[in-house]
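Peer 1: Below is the structure I would like to discuss, written out as structure tokens.
The values are calculated or read from the model by the stated rules, or taken from the named source; none is laboratory data. Here the structure is a predicted model, which is why all the values come from computation and not from measurement. A quick note on method: Cβ atoms are made from the backbone with ideal geometry, for glycine too, and the neighbour counts reach across all protein chains shown. Keep in mind that these areas ignore ligands, DNA and RNA; they rest on the heavy atoms of the full protein, side chains included. Shrake-Rupley method; radii C 1.70, N 1.55, O 1.52, S 1.80 Å.
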Amino acid sequence: MNVQASAATKLDEVRAHIARSAAAFHRPVSSVVLIAVSKTFEASAIEPVLAAGHRDFGENRVQEAQRKWPDLVSTFPDVRLHLIGPLQSNKARDAVRLFYAIHSLDRESLAEHLAQEMAKSGRAPLLFVQVNTGTEPQKSGVAPPDAALFVRRCREVHGLIIHGLMCIPPEAQAPAPHFAMLRQIGRDCELPFLSMGMSADYETAVKLGATHVRVGSAIFGHRHTASSI
Ligand SMILES: *Cc1c(COP(=O)(O)O)cnc(C)c1O
């Protein structure tokens, strides 16, 4: 027997866990989008997951996504790519072209660049504001007390539609209070989507209202390449 379960099998397991958590909290399973985080994995590892019918994928670097995805997208044109890593303003154009959703909007200069590129291209990726719920100096995201004002400025100054919030809780802490904080900010700002939960904690995130969970290693296995988050 193959001791290493295939990515497609693990995808089914993750889906089943999401369905169980959603049901336990009286949420329709369709209210949770599973983003399979394929960063550092090559096309050969991604293809079986595409073949299994999965279409939402997460990448954390624009350049890596540009290298890997155009060929795959030509075979599977209905793929939805989610940018989950930090975005430099000078990559805003490429990001708007390639991604269905951007989960890392965290500063006004980026809001301004995205608004310009969206107007030029006529494309409108879903936008999530990243909130640094743990106020960690090394992590991107707006500080929690600044989040509501930032969302308002994105809307009023830059004319952007903001769809949701995203967070990455500190590694050494229980994630639930961070997810609850993100949910509260989302309610205050009347945002429909919450991007929260990774391999270790996506079930907790679903219980606390996640609409988008970002799951990498639980589907694709251990990442051998160093990758910042
Ligand atoms: C890598 C990454 C993930 C997935 O992490 P896993 O623990 O492998 O599920 C989720 N979100 C972000 C922002 C990431 O960079």
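Peer 1: If I ask for residues that are surrounded by fewer than 23 Cβ atoms within 10 Å (Cβ to Cβ) and in contact (Cβ under 8 Å) with a residue 12 or more places away in the chain, which ones from the stretch 130-142 would you list?
Peer 2: So in the stretch 130-142, the residues surrounded by fewer than 23 Cβ atoms within 10 Å (Cβ to Cβ) come out as 132, 134-140, 142.
Within the stretch 130-142, N132, G134, E136, K139, S140, V142 qualify.
Peer 1: Need a quick list: helices (runs of 4 or more DSSP H) entirely within the stretch 57-138 having at least 1 residues that are within 14 Å of the ligand (Cβ to nearest atom) and not charged (D, E, K, R).
Peer 2: Numbers: elements: 62-75, 92-98, 108-121.
Passing ranges, in order: 62-75.
Peer 1: Run I219 past the list (1) within 22 Å of D56 (Cα to Cα); (2) at pLDDT 95 or above; (3) β-branched (V, I, T); (4) open to solvent by 10 Å² or more (accessible area, probe 1.4 Å) and report the number of the one that doesn't hold.
Peer 2: (4)
Peer 1: Additional query: Working only within the stretch 137-169, note down all residues that are of a type in the set (G, A, S) and under 18 Å from N60 (Cβ atoms). Can you show your working first?
Peer 2: First pass over the stretch 137-169, keeping only residues of a type in the set (G, A, S): 140-141, 143, 147-148, 159, 164.
If the condition is that a residue be of a type in the set (G, A, S) and under 18 Å from N60 (Cβ atoms), then S140, G141, G164 are the ones that fit.
Peer 1: Let me ask another. How many residues does the stretch 48-93 hold that are surrounded by 14 or more Cβ atoms within 10 Å (Cβ to Cβ) and over 19 Å from the mean Cα position of the chain (by Cα)?
Peer 2: Residues meeting the conditions: 4.
Peer 1: Could you list all residues from the stretch 1-47 that are part of a loop (DSSP other than H, G, I, E, B) and open to solvent by 40 Å² or more (accessible area, probe 1.4 Å)?
Peer 2: If we filter the stretch 1-47 for residues that are part of a loop (DSSP other than H, G, I, E, B), which is where we start, we get 1-6, 25-28, 32, 38-42.
Passing the criteria: M1, N2, V3, Q4, A5, S6, F25, H26, R27, P28, E42.
Peer 1: Sticking with this one: Looking only at helices (runs of 4 or more DSSP H) that lie completely in the stretch 146-229, which have at least 1 residues being touching a His at 6+ places or on another chain (Cβ under 7 Å)?
Peer 2: On the way: elements: 147-156, 176-188, 202-207, 217-220.
It comes to 202-207.
Peer 1: How many of the residues in the stretch 171-222 are within 13 Å of the ligand (Cβ to nearest atom), over 13 Å from V14 (Cα atoms) and of a type in the set (D, E)?
Peer 2: So the answer is 1.
Peer 1: Within 16 Å of the ligand (Cβ to nearest atom), at pLDDT 95 or above, β-branched (V, I, T) and surrounded by 14 or more Cβ atoms within 10 Å (Cβ to Cβ), is that true of V151?
Peer 2: Numbers: within 16 Å of the ligand (Cβ to nearest atom): no; at pLDDT 95 or above: yes; β-branched (V, I, T): yes; surrounded by 14 or more Cβ atoms within 10 Å (Cβ to Cβ): yes.
In short, no.
Peer 1: Checking L182 against (1) surrounded by fewer than 21 Cβ atoms within 10 Å (Cβ to Cβ); (2) under 16 Å from H103 (Cα atoms), only one condition comes out false. Which one?
Peer 2: So L182 meets the others, but not (1).
Peer 1: Taking interchain pairs and intrachain pairs at least six residues apart, which have beta carbon atoms under 6 angstrom, with the first residue in the stretch 46-64 and closer than 19 Å to F99 by Cα and the second open to solvent by 50 Å² or more (accessible area, probe 1.4 Å) and not basic (K, R)?
Peer 2: Between residues of the stretch 46-64 that are closer than 19 Å to F99 by Cα and residues that are open to solvent by 50 Å² or more (accessible area, probe 1.4 Å) and not basic (K, R), the close pairs are R55/D78.
Peer 1: Identify all residues within the stretch 190-207 that are aliphatic (A, V, I, L, M) and surrounded by fewer than 22 Cβ atoms within 10 Å (Cβ to Cβ); write none if there are none. Give the steps one after another, and end with the answer.
Peer 2: If we filter the stretch 190-207 for residues that are aliphatic (A, V, I, L, M), which is where we start, we get 191, 194, 196, 198, 200, 205-206.
Within the stretch 190-207, L191, M198, A200 meet the criteria.
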